[in-house]
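Only one structure is covered here, and it is reproduced in the block below.
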Amino acid sequence: MARLDDTDRQLLTLLQEDDRQPLAALSEKIGIAVSTINDRIKRLVRSGMIAGFHARIAPEAVGLNLLAFIMVCWSSPKVEAIFLERVKASDDVLECHHVTGAWNYLLKVRVATTRDLERFLSETIKSVDGVERTETLITLSSAKETWKVSLPASVPS
């Protein structure tokens, strides 16, 4: 993993706030040449520190009003590969996490309606042979939701 200096941390912080800032604006805020900013961004992308640049869509603006967290459980290890194949193929799944405790996986799912959630559960999750149980939590509101990560003072090499 690449080491971050103070300039890299400043640059990553600014890019997380708004990745569409002109290089000249970033250069002015950080106090280094535009060409250096450009080189640093390319290096951060190559090193995998920056995973990509994307438009962040407001889900409600496109009709995806229901956010749910779904916990999924099974006993047989043979279930996992099929389950992950289905989850990766679904556009409804925003995140999929292998977790500790009584559950195997935690999913973050975004759909339009409860009917769509029911369809997702029956067609994508419960149709996987071996899935024993699920628990679904429907989000009423979100006090905080971010894509920004906290940058440590130093990243180990």
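Annotations for the structure displayed:
- Residue check, Ile57 β-branched (Val, Ile, Thr), within 28 Å of Cys96 (Cβ to Cβ) and either in a loop (DSSP other than H, G, I, E, B) or more than 19 Å from the chain's Cα centre (by Cα) (or both): yes
- Any hit, the stretch 7-18, residues being β-branched (Val, Ile, Thr), surrounded by fewer than 15 Cβ atoms within 10 Å (Cβ to Cβ), farther than 30 Å from Ser127 by Cβ and in contact with a helix residue (DSSP H, G or I) (Cβ under 9 Å, 6 or more places away or on another chain): yes
- Filter pass, Thr100 being assigned to a helix (DSSP H, G or I) and either surrounded by fewer than 11 Cβ atoms within 10 Å (Cβ to Cβ) or on the phi < 0 side of the Ramachandran plot (or both): no
- Subset of the stretch 62-89 (residues that are in a strand (DSSP E or B) and within 16 Å of Arg110 (Cβ to Cβ)): Leu66, Leu67, Ala68, Phe69, Ile70
- Residue match in the stretch 84-93 (condition: in contact with a Cys (Cβ under 6 Å, 6 or more places away or on another chain) and either among the aromatic types (Phe, Trp, Tyr) or assigned by TED's automatic domain parsing to the domain that holds Val128 (or both)): yes
- Pairs meeting the criteria (first residue in the stretch 115-134 and outside the structural domain of Trp103 (by TED's automatic domain parsing), second residue outside any strand (DSSP E or B) and of a type in the set (Val, Ile, Thr), beta carbons under 6 Å, at least 6 apart or on different chains) are lacking.
The values are calculated or read from the model by the stated rules, or taken from the named source; none is laboratory data. All values derive from a computational prediction rather than experimental measurement. We place every Cβ from the backbone using ideal geometry, glycine too, and count neighbours over all the protein chains shown.
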